[in-house]
Structure formats: C-alpha cells, structure tokens
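Here, each number is a calculation from the coordinates, and none is a lab measurement. It should be emphasised that the depicted structure is a prediction, and the values quoted were computed from it without experimental measurement. Here Cβ is always computed from backbone atoms with ideal geometry, including for glycine, and neighbour counts include all displayed protein chains.
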Amino acid sequence: PIGSGPLSVELSDVSFSYEGAEGKPTLRQLDFRLAPGEVLGLLGRTGSGKSTLARLLLRFYDPQQGAIRLGGTDIRDAKVSELRSRVAMVTQSIEIMEGTVRDNLTFYDEQISDARIAEVLDDLGLGSWYASLPQGLDTMLASGGGGLSAGEAQLLAFARVFLSDPGLIIMDEASSRLDPLTEQRIERATQKLLEARTCIIIAHRLATVQRADRILVLEDGEIVEEGLRAAL
Ligand code: ATP
Ligand code: MG
C-alpha cells in the first residue's frame, strides 16, 4: 500500500508512447525524485508531455519502460482505487456530477462532516455562495456544473482536494484568466494547499513557479533542465 502523509515521487528511466503513435516516444527516460512535501514546478511548451506525465502518475496509462514509485511503492503494486485516493488532480475543468453539493465535495465519504465542509468553503471564500444555497449541502447540482461560474467551479475543485487530503497533488493550472477576486482566492487556496504536501504544478504563471522548490523543464518529452529554483 501507498504510505500516508506527503508522498515522495520517484521516476526511474520512464519512457512512454501513446498506442499507435509513431516516431519518438512522448516521454523519454525521465528520471527525477521529489522528497515528501516538495513542490515541483513543471514547465514546458505545449505538447511537451506535461499532462501525459500527470496521467502516468494516476495510472491512466502505464509506461512501456521504467518505474514510478510513490511513497516508495511501485504504483503497479497498488490498487488503482487506493492510488487515486492518495493522488489528487486539480484541473481547470472540474467535473461536476448530478448530485448534491455534499456528494460532489466528498465523493460519498461519510467521515467528512458538514461542519468540516462549511469550514473549507469558508476558507476558500465560498461562504456567501454556500449561504445562498436553497437547501444548503443538500442542494442538487446539475451534471456539468451548469449554474456555477467558472471561478466557483474552480474553487469547488480546490474544496474537494482539501477535504480528501491527499499525499500528492497535481495541479494543471488554468491558463485562462479569471476575474481578479477569484484569482486572488485561488492564489491563496494554492498557497494553503502547498503547505506540507507534495505538489506538482504544471505552471503557466510565473507567480506559481516562484513558490516551487524545484523546477523541471520538459522539451519534446525529455527533461532539458532540472534544479532548485534558486539555481536556475
Ligand atoms: P499543453 O501545455 O498544451 O497542455 P502538454 O505538455 O500537456 O501540452 P501533452 O498533452 O502531454 O502535452 O501531449 C504530449 C504529446 O502527446 C503531444 O504531441 C500530444 O499530441 C500527444 N498526445 C496527447 N494525448 C494523446 C493521446 N491520447 N493519444 C495520442 N497522442 C496524444
Ligand atoms: Mg497539458
């Protein structure tokens, strides 16, 4: 099983090609290690393989070569359900399912109390949104999240992550800009998420990279630069 608390991440000689793709592999001989609690800024041009790397960490695909270890465990030796409960992905498009606000935030984890949910929503600046819900946490959301603003949807994605308390967070930052107030809330939420958690941030903003301990630059599926932020 994958350990508890912040997870170390280790890639050893990982190469990956999408099925049927010709030419050079999409990711080539990636080798790097993150200590528990470290924040990695992952940079690279469009198509360089950043999201592909994220998908491998969640085992949407397995690499043809090399190994990925989280908390010292080869992810092929862990249950996919366990892996996905320990690794959270925050993307720009949150998937809202048809169901209550509570179920959308907890994924039916009954250990999470309503008080805790309210606290997290408050922390994220969603207190007045929450207060306006006609049936509180029992309010139904439509599949796809119709009725939510882009900013609210993004903040709900953060709320999910705070409530599930994973050992590794992968953030695929929004490259499009939100309104300044939402930006500010997301900025603050991101800051909080980074405390004492291992995090890989696919960065489009300079502000985010400034918070990373370590930077990795991908070019055409290969690591072309790696180091401590201070050194680059
Ligand atoms: P962006 O900054 O635009 O999000 P990225 O660095 O995340 O780019 P990836 O999405 O990882 O890039 O794509 C890396 C390469 O793999 C690209 O050449 C892309 O066309 C290809 N690719 C991505 N998804 C698939 C897929 N499902 N099947 C085949 N090829 C894919
Ligand atoms: Mg991408």
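Things to note:
- In straight-distance terms, cross-link reach from LYS79 covers every one of the lysines whose alpha-carbon lies under 29 Å from its own, apart from those fewer than eight places away in the same chain; here that gives LYS50, LYS192.
- Remark: region 1-149 carries a charge dipole of roughly 620 debye about the Cα centre, counting +1 on each Lys and Arg Cβ and -1 on each Asp and Glu Cβ.
- Zero-based 5 Å bins, Cα pair distances in region 75-232, whole percents: 2, 8, 16, 20, 19, 15, 10, 5, 3, 1, 0
- Among 142-150, 114-122, 212-220, the peptide with the highest mean count of other Cβ atoms within 10 Å heads the list, and the full ranking is 212-220, 114-122, 142-150.
- Fraction of beta bridges assigned by DSSP in the chain that are antiparallel (%, nearest 5): 55
- Whole-number percent relative contact order across region 1-98, with pairs defined as alpha carbons under 8 Å at least 6 apart: 36
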